[in-house]
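Quick notes on the structure that follows.
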Amino acid sequence: MLRTCRDKSQTLEQNYQRLGLSTKLNSNIARPKRVKGQSTSQTENEKHDSLGIASTSAQASSKPEEVRVERDPETGRILRVIRAEDSKASRNPLNDPLNDSSDEEMEVHETGSSNIVAQLEAQAQKEAEIEAKNKRPRQQSSREEEWIAKLVEAHGDDFAAMVRDRKLNPMQQSQGDISRRIKRWKQKHG
């Protein structure tokens, strides 16, 4: 007969350690355990958990940056990416904030940004026109037209009666919904 491996006098983490399991995936990598009487160099030299997930240095040091994108006016494809950091780094190698905010640079950025804003607005307008051409309004199906014709035949223009009719309106469409559908139906059929 098999015995359970769990010792009820120990905590869950202690039982997992005894079995060679890890309770947290990042526990050994994020914070090495310090045992009383051992120095930190001893714990750092010990093997890390093979199932632990190491954080990459790229994730830790990544920060958003601002870039300028040059696009082909006809196709909209990106031709090249111009990073502002490349030019700033050569002018300000020590990252002095006072050097970054000179008046000459501000004027250059303002004139350049107005041109970019105009290009972005033009591109947005083109995309809106293309979307408007491709968008087609919803059309009523033949089955929906039959259903509306039966409702109008039975109740005329009395929308409240159409809403209460359980046989012809089994899905209990609201008065506003029915009136909109009938308005569309009348525009098509006269």
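Figures for the structure shown
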| quantity | calculated |
| --- | --- |
| Amide proton proximity set for ARG71, modelled H, under 5 Å, gap of 5+ | LEU79 |
| Largest-first principal axis extents, alpha carbons of segment 142-189, Å | 26, 18, 16 |
| Loop trypsin sites (Lys or Arg not before Pro), segment 121-162 (other Cβ atoms within 10 Å of the site Cβ: 16 or fewer; DSSP) | LYS135, ARG138 |
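Just so you know, all these numbers are worked out from the coordinates, no wet-lab data involved. Since the structure is predicted, the reported quantities are computational estimates derived from the model, not experimental observations. Backbone-built Cβ (ideal geometry, glycine too); neighbour counts: all protein chains shown.
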